Amino acid sequence: MKGVHRLYPLGIRLQLMLWYSAICTVLMLVAGTLFYTRFQTRLASSLDTALQLQAQQIAGDITEERGVLTFHDATADLPGFDLTDRRIHVPPADVNLGILVRVLAGDGTPVRTTPAFDQLQVPQESVRQPLSGLPWQGDVTSGEGQLVRLYSRALTQDNQIIGVVQVGTSLTQMESVLQEVVSELLLIAPVILLVGALVSYWLASRAFLPIDRLIWAARVIKEGDLHQRVPVPKAQDEVRALALTLNDMIDSLERAFQRQRRFVADASHELRTPVAVIRSKAEMALLQLVSPEDYSSLLAMIHQEAERLGHLISDLLTLSRADEGKLQLEREVIRFDHLVQAIAATTEPLATECQVTVQVQADELVMVRGDETRLMQVVLNLLENALLYTNEGGQVQVVVQAREHQAVLIVRDTGIGIAPQQLPQLFERFYRVDPARTFRYTNSSNSGLGLSIVKWIVKAHGGDVKVESQVGQGSTFTVTLPLLMET
């Protein structure tokens with residue numbers, strides 16, 4: 001039973017061997033059947049031709065003289081063909097050995113018959129049809145049930161039918177030959193199938209050697225060395241394509257692990273800062289300062305850092321659930337232009353504090369279908385980001401419009417801008433354009449994950465987000481979403 005469990009389910013090598021053997025078996029059965037049928041037909045055709053030639057030869061030796069059939073040359077010397085000799089000297093012959101010949105007169109009366117012919121059960125049609133001018137051939141049986149092939153034709157002289165000659169031969173020999181052929185095929189076929197199965201298994205094993213090398217390399221990589229790559233065969237075949245695909249997958253995994261390690265390091269750094277601030281402020285409060293104002297200030301700082309820590313944890317949880325596919329979006333009809341106007345109104349205190357002017361252009365009706373809470377988060381994150389990185393006296397412009405079946409949100413600022421080489425990493429988690437740069441307003445709830453969340457939400461709604469920027473001249477973020485057409 002253990003051996004059966006090891007074999008089942010079958011490996012690819014065994015499956016290929018079995019499939020090859022099954023196909024070969026079917027092909028051999030079809031080829032054998034065709035060969036047997038063709039060979040049988042050829043034997044039967046050769047037998048019929050021989051009977052016709054023999055009947056023609058006998059007919060050429062018979063003539064009619066004064067109403068009596070006369071036999072000449074070899075035909076007259078056939079064993080037992082003479083009725084007198086047959087009664088005296090020739091015993092009854094076996095249909096398998098004797099010569100089967102019968103000659104009949106024009107009225108259907110037998111004139112001469114070999115001894116073996118008397119054992120045949122001859123139908124009357126075999127006599128009537130030749131007398132009418134048409135030859136007849138068919139299978140008849142002897143008294144012992146043996147099959148005999150019989151051919152009948154008319155005897156003619158001066159275009160007149162003077163009698164009938166019938167020639168027969170036993171089919172036993174032909175059946176014996178056919179049985180020998182079948183026996184040989186049945187003996188050879190299993191040997192061919194066995195050899196073919198072994199050869200097919202060996203060829204399959206040889207073909208899978210490159211895959212075995214891929215498996216070995218994959219096991220090495222599984223140990224944690226993502227710098228290793230599977231060997232790529234030189235042959236332009238499926239194994240090469242598999243190796244290239246595996247290497248691409250390993251490249252993606254390596255980049256993913258690098259992003260994960262960087263994400264964990266950045267998250268640890270971001271979490272450590274508010275925790276350190278809370279701890280230091282709490283230690284100061286434990287020194288029992290005498291002034292109630294000092295206690296109030298320390299508690300306000302602790303509350304501010306705790307709130308910042310809460311926002312950071314919430315953003316991390318959002319991205320984690322999004323990566324796992326567990327974050328579901330609501331789908332409802334939304335006036336996107338009204339939503340942007342409302343969010344812009346809520347950022348007025350921050351704009352006043354930053355001394356930045358906010359202009360909103362959302363006069364056009366723009367309808368979308370999506371999660372209102374998440375889309376609000378997109379607009380708020382982009383506006384806060386624009387305000388925090390725009391210098392005093394600068395301007396932030398927000399535009400909402402419908403364009404070619406798309407709802408478009410444009411957030412343009414006159415801030416410090418972003419260098420071109422830094423734009424591709426802008427939406428990565430915890431990415432900083434300048435690591436040494438901090439926000440101008442420490443009471444901001446920005447967690448460093450805002451743009452990553454914006455990108456995920458927009459992609460989840462079937463849209464896209466792009467950024468264009470020049471250092472010292474500002475940045476422009478463009479969000480496109482599927483437009484909901486009015487019905």
For residue 377, state whether it is assigned by TED's automatic domain parsing to the domain that holds residue 468 and surrounded by fewer than 18 Cβ atoms within 10 Å (Cβ to Cβ). no
I'm trying to understand the selection: among the residues of segment 86-110, which are modelled with pLDDT of 85 or more, outside any loop (DSSP other than H, G, I, E, B) and farther than 15 Å from residue 142 by Cα? 103, 104, 105, 110
So the check is Cβ under 6 Å with 6+ separation or different chains; which pairs have a first residue in segment 174-203 that's in contact (Cβ under 8 Å) with a residue 60 or more places away in the chain and a second one that's assigned to a helix (DSSP H, G or I) and of a type in the set (Gly, Ala, Ser)? 185/32; 193/21; 197/21
In segment 49-69, what count of residues is obtained for those that are more than 60 Å from the chain's Cα centre (by Cα) and part of a helix (DSSP H, G or I)? 10
A careful count of residues in segment 21-71 that are surrounded by 14 or more Cβ atoms within 10 Å (Cβ to Cβ) and of a type in the set (D, E, K, R) gives 3
Could you please find all residues in segment 356-389 being of a type in the set (S, T, N, Q) and at pLDDT 90 or above? 357, 359, 361
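The values are calculated or read from the model by the stated rules, or taken from the named source; none is laboratory data. What you see is a predicted model; the values in this text were computed from it and never measured. Neighbour counts are summed over all protein chains in view; Cβ atoms, including those assigned to glycine, are modelled from backbone coordinates with ideal geometry.
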